[in-house]
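Reviewing the structure listed below.
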Amino acid sequence: MKKIIVFVLALCMCIGACLPAGAVYSQFPDVTDAALSRNVDALRMLGAVEGDGTGNFRPNDKLTRAQFCKMAVFVLGKGDEEYIYRSRTIFPDVRSTHWARGYVNLAVSLENKIIIGNGDGTFRPDDEINYAQAVTMLMRMLGYTDADAGMLWPQGYLELAAGCGLTDGIHLSAGDAVTRADAARLFCSLLSCDMKDGSKFVSTLGTPHENAVVLSANGKTDDGRTGAIETSAGSYLPKSGDVPGSFVGLRGTLVTDEDGYAVTFIPDPISSVTIVASSAEAGWVKDNSGKTYEIPASTPAYTAEKTGVYGDLWVNIYSGCRVNIYYTEAGKIDGVYINSGSGSSTDVSMVAFDSFSGNPFTALTGGDRDYEIYKNGVKASASDIKRYDCATYDSGARILYVSDNRITGIYEDAYPNTSYPSTVTLLGHKFDVLPGAVDSLKKFGIGDNITLILTTDLKVAGAVSSSSVRSNAIGVVTECSTSSAKVDLFLGITVEGAVSYSADKAKEMTGQLVTVASNGKGKLGLSRLSGSSASGDLDLEKDKVGGVTLSGSLKLFEKVGNSPMRQISRDDIISGHVSASRIEYVHKDYAGRADIIVLNDATGDMYTYGIFSVDTKT
């Protein structure tokens with residue numbers, strides 16, 4: 001068996017093996033802590049938290065007793081029952097005019113009351129809630145009573161909470177005010193706790209699916225509906241709101257209700273690590289600090305578009321790619337998520353719409369001078385930045401991620417509307433829209449032919465008319481019939497749409513390298529790429545194809561005649577040399593380096609040879 005070695009890219013990044021704290025996907029711009037972001041998003045799916053009028057979460061604001069009570073009702077899955085309790089007056093200071101009357105009345109009316117009130121019969125809804133009061137409510141939600149806690153309050157409840165893990169990692173005193181961030185941590189800890197009777201609290205919300213890996217926040221259900229949370233355990237529409245992008249690539253517990261809707265997702269942060277990859281093979285991945293993680297080829301592996309095993313999907317890893325590695329309790333690797341749309345995870349971006357000199361993105365760096373530039377996953381300089389490039393900045397890593405990813409097509413859909421879209425659809429794929437892209441998208445309407453400018457993590461940073469600049473997306477046709485086709489783009493996404501081919505033409509297109517376009521809503525235009533433009537042989541030792549230098553993000557493909565292509569590694573080419581006659585196609589990146597090469601029968605591995613024998617004995 002030949003040893004497979006992937007091309008090791010030269011990457012010197014000023015960050016450690018794990019992702020910096022500043023690299024956070026968050027719905028709220030003022031939530032910069034990764035753990036808090038996950039907690040907030042789990043509660044947001046439950047409907048238990050929302051932002052203020054400016055879109056911020058305000059994590060340091062202190063909560064009132066009424067606000068905490070509202071969160072508790074939603075976490076119990078009873079938010080849609082609140083209206084039933086609005087007409088009652090149970091506490092004299094929570095009358096029909098108080099905004100929280102339904103939530104407070106519901107909480108005190110439950111069989112296992114989670115609030116009781118004060119000795120004078122009041123609730124004091126607008127007082128700040130303290131840690132002891134919050135923990136008491138949460139423990140009652142787990143089925144504990146005053147009898148379980150004993151006569152001494154609040155010590156009894158605090159000791160019970162510590163014993164069941166509710167307050168792990170939280171360092172507050174009994175009388176401390178509880179902030180919105182504190183509440184998010186407490187409620188998410190509650191979701192993972194056991195009830196007093198030994199059952200799991202999360203089971204009271206629906207059916208838990210453990211060890212589920214989130215593949216997409218904009219997936220499709222089996223019946224074709226979009227906006228679903230797509231996981232290794234299935235695809236489900238969210239019951240409340242949308243699916244947080246921060247969950248993509250995480251493993252945890254997905255909870256679904258009896259109607260098949262996703263109630264929430266609870267990430268498991270303990271049994272995983274996220275690394276920035278520098279190189280990979282079929283049996284390992286190495287992070288940017290040089291640490292190697294041995295990964296058996298049979299290990300379950302995932303990308304946003306594919307589910308398989310690591311031995312097949314490792315080819316999607318390139319330098320700068322983010323890889324989530326999951327572990328069993330015994331410390332054994334038992335899953336991998338490959339984020340092929342790697343890069344900065346910030347929601348702040350810029351597009352170089354106009355001509356410029358120097359670096360047009362310095363405003364993103366916030367005054368930082370000692371930063372590095374990576375364009376399309378390869379180390380670059382300011383001179384490599386071109387018009388219509390976009391950038392995001394990872395302040396924790398001090399890396400400016402520049403992308404020239406563009407995709408052109410008919411503007412098919414926008415949600416919730418074209419004036420302030422949070423998602424847009426082109427070529428059958430739904431893209432998340434960054435806030436800074438809204439103004440440029442407002443200029444276009446459904447049915448227009450536009451070009452989306454995408455960040456390294458494939459969010460929309462801006463939009464222009466297709467007459468200004470066109471798509472540079474290339475991919476492989478994975479499915480093609482007489483009426484429809486699907487293409488896996490090297491960007492890391494899959495596009496699909498209607499085509500009109502003969503049966504022979506559809507068969508010929510399957511497995512071929514193409515560019516994509518669209519001449520109508522739901523329609524896909526495929527242009528097969530051909531012509532090597534190679535001025536000489538491929539020499540891997542010299543990193544040249546003819547006189548052209550190989551890119552650090554080189555992808556090699558092999559085919560035989562009109563057979564479907566397969567991706568290969570450099571070491572599959574035993575001699576390290578391929579004659580120009582066997583080079584079918586060479587694609588060059590923005591710097592004129594060869595980043596995609598298609599070879600024709602260069603390894604001899606496309607077929608398996610053997611001896612066929614017949615036993616003639618009777």
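The values are calculated or read from the model by the stated rules, or taken from the named source; none is laboratory data. Everything numeric here is computed off the predicted structure, so don't read it as measured data. Here the Cβ is made from the backbone with ideal geometry for all residues, glycine too, and neighbour counts use every protein chain on show. Each accessible area value is taken on the protein alone, full model and side chains, heavy atoms only, with ligands, DNA and RNA left out. Shrake-Rupley method; radii C 1.70, N 1.55, O 1.52, S 1.80 Å.
I need the full set of residues from region 58-104 which are more than 35 Å from the chain's Cα centre (by Cα), buried (at least 21 other Cβ atoms within 10 Å of the Cβ) and assigned to a helix (DSSP H, G or I), in order please.
Matches in region 58-104: Arg101, Gly102, Val104.
Considering only residues of region 460-495 that are at pLDDT 90 or above and among the charged types (D, E, K, R), which is nearest to Ile385 (Cα to Cα)?
Arg470
Could you name every one of the helices (runs of 4 or more DSSP H) located completely within region 125-207 that has at least 2 residues being of a type in the set (D, E, K, R) and touching a helix residue (DSSP H, G or I) at 6+ places or on another chain (Cβ under 9 Å)?
Details: elements: 131-141, 146-149, 155-164, 180-191.
Because the criterion is at least 2 residues that are of a type in the set (D, E, K, R) and touching a helix residue (DSSP H, G or I) at 6+ places or on another chain (Cβ under 9 Å), the helices (runs of 4 or more DSSP H) in region 125-207 that meet it are 146-149, 180-191.
Can you run down the residue pairs with Cβ atoms below 6 Å, 6 or more apart or on separate chains, where the first is in region 450-476 and over 20 Å from Val378 (Cβ atoms) and of a type in the set (Gly, Ala, Ser) and the partner is outside any strand (DSSP E or B) and open to solvent by less than 20 Å² (accessible area, probe 1.4 Å)?
Listed pairs, sorted by first residue: Gly462/Ala437; Gly462/Ser440; Ala463/Ser440; Ala463/Leu441.
Which residues, counting only those in region 9-57, are modelled with pLDDT of 50 or more, among the aliphatic types (A, V, I, L, M) and either part of a loop (DSSP other than H, G, I, E, B) or farther than 20 Å from Phe74 by Cβ (or both)?
Selection gives Val31, Ala34, Ala35, Ala48, Val49.
Looking at region 382-403, which of the residues that are open to solvent by 50 Å² or more (accessible area, probe 1.4 Å) and at pLDDT below 90 is farthest from Lys555 (Cα to Cα)? Lay out the reasoning, then the answer.
Within region 382-403, the subset open to solvent by 50 Å² or more (accessible area, probe 1.4 Å) is 383, 386-387, 395, 398.
After this cut, where a residue has to be at pLDDT below 90 as well, the list is 395, 398.
Numbers: Ser395: 30, Arg398: 27 Å.
Filtering region 382-403 for residues that are open to solvent by 50 Å² or more (accessible area, probe 1.4 Å) and at pLDDT below 90, the one farthest from Lys555 (Cα to Cα) comes out as Ser395.
Condition test on Glu210, is it assigned to a loop (DSSP other than H, G, I, E, B), out of contact with any Lys or Arg (no Cβ under 8 Å at 6 or more places or on another chain) and either in contact (Cβ under 8 Å) with a residue 12 or more places away in the chain or buried (at least 19 other Cβ atoms within 10 Å of the Cβ) (or both)? Can you show your working first?
Details: assigned to a loop (DSSP other than H, G, I, E, B): no; out of contact with any Lys or Arg (no Cβ under 8 Å at 6 or more places or on another chain): yes; either in contact (Cβ under 8 Å) with a residue 12 or more places away in the chain or buried (at least 19 other Cβ atoms within 10 Å of the Cβ) (or both): yes.
No, not satisfied.
For region 260-276, enumerate the residues that are surrounded by 20 or more Cβ atoms within 10 Å (Cβ to Cβ) and either modelled with pLDDT under 80 or basic (Lys, Arg) (or both).
Val276
How about region 316-340: which of its residues are surrounded by fewer than 20 Cβ atoms within 10 Å (Cβ to Cβ) and modelled with pLDDT under 90?
Thr328, Glu329, Ala330, Gly331
Mind telling me which of the residues Val433, Val495, Val469 ends up being within 27 Å of Leu554 (Cβ to Cβ) and either open to solvent by less than 10 Å² (accessible area, probe 1.4 Å) or under 25 Å from the mean Cα position of the chain (by Cα) (or both)? If you could, list the steps in order and put the result at the bottom.
On the way: Val433 fails: within 27 Å of Leu554 (Cβ to Cβ); Val469 fails: either open to solvent by less than 10 Å² (accessible area, probe 1.4 Å) or under 25 Å from the mean Cα position of the chain (by Cα) (or both).
Only one candidate passes the filter, namely Val495.
Please determine whether any residue of region 551-569 is at pLDDT 85 or above, at positive phi and loosely packed, with under 14 Cβ neighbours inside 10 Å.
Scanning region 551-569 turns up no residue that is at pLDDT 85 or above, at positive phi and loosely packed, with under 14 Cβ neighbours inside 10 Å.
Kindly provide the set of residues from region 350-381 that are polar (S, T, N, Q) and open to solvent by less than 20 Å² (accessible area, probe 1.4 Å), ordered by number. Give the steps one after another, and end with the answer.
In the first step, residues of region 350-381 are kept if they are polar (S, T, N, Q); the result is 355, 357, 359, 362, 365, 376, 381.
Once the filter is applied, which keeps residues that are polar (S, T, N, Q) and open to solvent by less than 20 Å² (accessible area, probe 1.4 Å), region 350-381 yields only Thr365.
Go over the candidates Gly447, Gly522, Gly536, Gly462 one by one and state the one that is within 28 Å of Ser216 (Cβ to Cβ), open to solvent by less than 20 Å² (accessible area, probe 1.4 Å) and of a type outside the set (A, V, I, L, M). Walk me through how you get there before you give the answer.
Numbers: Gly447 fails: open to solvent by less than 20 Å² (accessible area, probe 1.4 Å); Gly522 fails: open to solvent by less than 20 Å² (accessible area, probe 1.4 Å); Gly536 fails: within 28 Å of Ser216 (Cβ to Cβ).
Going through Gly447, Gly522, Gly536, Gly462 in turn, the sole match is Gly462.
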